[in-house]
1. Tell me, yes or no, whether the stretch 162-182 has at least one residue that is on the phi < 0 side of the Ramachandran plot, crowded, with 17+ Cβ neighbours inside 10 Å and touching a Phe, Trp or Tyr at 6+ places or on another chain (Cβ under 6 Å).
2. Need the failing condition index for GLY397 against (1) surrounded by fewer than 19 Cβ atoms within 10 Å (Cβ to Cβ); (2) closer than 24 Å to GLU563 by Cα; (3) small (Gly, Ala, Ser), just the number.
3. State whether the residues of the stretch 87-102 include one that is closer than 23 Å to GLY283 by Cα and of a type in the set (Gly, Ala, Ser).
4. Looking at LEU190 and the list (1) over 17 Å from LEU73 (Cβ atoms); (2) assigned to a helix (DSSP H, G or I), which single condition is not satisfied?
5. Count, please, the residues in the stretch 400-427 that happen to be surrounded by fewer than 17 Cβ atoms within 10 Å (Cβ to Cβ) and at positive phi.
6. Would you point out the residue of the stretch 20-35, among those that are under 14 Å from GLY467 (Cβ atoms) and in contact (Cβ under 8 Å) with a residue 40 or more places away in the chain, that is surrounded by the most Cβ atoms within 10 Å (Cβ to Cβ)?
7. What are the residues in the stretch 104-143 that are outside any loop (DSSP other than H, G, I, E, B) and touching a Lys or Arg at 6+ places or on another chain (Cβ under 6 Å), if any?
8. When PRO494 is evaluated against the numbered criteria (1) outside any helix (DSSP H, G or I); (2) under 21 Å from the mean Cα position of the chain (by Cα); (3) modelled with pLDDT under 95; (4) not small (Gly, Ala, Ser), which criterion, by number, is the only one it fails?
Amino acid sequence: MRFFRRPVPAAARARLEAQGLPFLLARLYAARGVTDRRELDYDLKSLLPPATLTHADAAAARLANALEARARLLIVADYDCDGATACAVGLRALRQMSLGRGATVDYLVPDRTQGYGLSPAIVDVAAARGTDLIITVDNGIASLEGVARARERGIATLVTDHHLPGERLPEAECIVNPNQPGCAFASKHLAGVGVMFYVMLALRAELRARGWFSGATEPNLAHLLDLVALGTVADVVPLDHNNRILVSQGLKRMRAGQVSPGVAALLAAAGCAPARLSTFDLGFILAPRLNAAGRLKNMRIGIECLMADDPGKALRYAQDLDALNRERREIENDMRDQAFALLERLDPQEIPPGMALFEPEWNPGVVGILAARVKEKFHRPVFAFARGESGELKGSGRSIHGLHLRDMLDLMSRRAPGLLLRFGGHAAAAGVSLREADFPRFRALFAEVAGERIPPAALEQALETDGPLEASSFNLETARLLEQEIWGQGFPAPLFADDFTVEAEKCLKDKHLKFCLNKNGRRIEGIEFNADTRLPSSPRMHLAYRLGVNEYRGVQTPQLLIEHRGDAREE
């Protein structure tokens, strides 16, 4: 593992300090590309205007017409956390804005056996319900056949999505996607829930202009920001300024206890204290519980939890989701052990630049997590496959910096026509379907193309850190300060690195290591979760760590959350 320190532009740091930021925050933010304190203004008025999102106004007009016509609207959602929260945002906002004047708003979410997105089969179910308008959330940009079937059945389609489009766009009545050709929206990183929230903002403005709310209470869409924050963080989209505003505002409401009953129930089931909620909690504690429904059963459980207005009902759903998440963890651990056992037989020199894995008994809902775990351990782009329906394999991939996964699949599809049945995704994550008999060919081609496309330096494991943290900052005040800031994909939480003396150590539950550490005479506790439990061979260790808060029996103390350790300085 090679450590390297993020450069800190001196001029940017000095300017941020001059604008009133504490030295530590000025240093951290300058290292993340912030040059002016206005980039840290997370007030709602700083959001990019909905009118600048291409076709948001047209979508609003189409939806307003549907509400006036008392139409039957159906939201078709994806089966992950982003899709579930986007669906809940759409349902809550549309039902509030319909004002009980005759329009109906329902939803449909396929399970993994039915496949991703708006398929012709899903359209047929929508037609049987008498649907007038289908609204996709977090999907649809690749649903050419599904949109065509909707046209055949006389159903209008509004696509809201954020995934990268292919060469052709579906022939929908309207498409809202910041990544579609010709869209000049300044933030290309909205999650699916962010796109839907923007469409709802545009719809409210359209209805206001039409006098729809005359004599009625206009809905406060800020009440939906807890869902927007959760879905945005869960989908691991880059937290540019616009996304940080959405997440900050959602977290602010959640910390103040202003949450929907469903989110409150998820917090209770997970044992999370709302007042100290962080982006880490959203991404690694709440999101997995929602995702477990889509992975192992049906995301309808998750959506019903988010839509529940009765706290007791919401808690029952949240407890079901918690149980599913425990089951998911057990399945994931078994699959991970199998994958690691297979790969550890390889000579390190034989590990290909792109890895594709398949075992017949693997669960299709967990292969994405497995791909992420293998990627983290071996620092290679990985696809993990499981058996789907009709003899197909369904794969989920995760990439490393230096390889755009969706673009690489596009290249593979052109190099080997017919190999990939379906594919889509982002730079860092993608999905693909292929025939089981074609897996060896996919594995070989993936390794070949990855070897061509990944710069050799990108295959070397490296850890970017913020360098040392002064021992005087090992306190609760600094830990809480860092905990309350907005961190995430593309705007990483602070990771410090320095040498320590180990004064004591012990193993907890055969899988965690706890240390008493000393730096320049300042003692602090450190813990490494799910660690290699071999104790260090030297009393001096080089650590990469985050500064956190440990709470035990109501007492809070600062502690170091260790992410990497070595016997000697590696930086």
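The values are calculated or read from the model by the stated rules, or taken from the named source; none is laboratory data. If you're wondering where the values come from, they're calculated on a predicted model, not measured in any experiment. All Cβ positions, even for glycine, are placed from backbone atoms using ideal geometry, and neighbour counts span all protein chains on display.
1. Within the stretch 162-182 (the criterion being on the phi < 0 side of the Ramachandran plot, crowded, with 17+ Cβ neighbours inside 10 Å and touching a Phe, Trp or Tyr at 6+ places or on another chain (Cβ under 6 Å)), the answer is yes, since at least one residue qualifies.
2. Going through (1) surrounded by fewer than 19 Cβ atoms within 10 Å (Cβ to Cβ); (2) closer than 24 Å to GLU563 by Cα; (3) small (Gly, Ala, Ser) one by one, GLY397 breaks only (1).
3. Checked against the condition, which is being closer than 23 Å to GLY283 by Cα and of a type in the set (Gly, Ala, Ser), the stretch 87-102 yields at least one hit.
4. (2)
5. Qualifying residue count, the stretch 400-427: 2.
6. LEU28
7. THR104, VAL105, PRO120, VAL123, ALA127
8. In the conditions (1) outside any helix (DSSP H, G or I); (2) under 21 Å from the mean Cα position of the chain (by Cα); (3) modelled with pLDDT under 95; (4) not small (Gly, Ala, Ser), PRO494 misses (3) alone.
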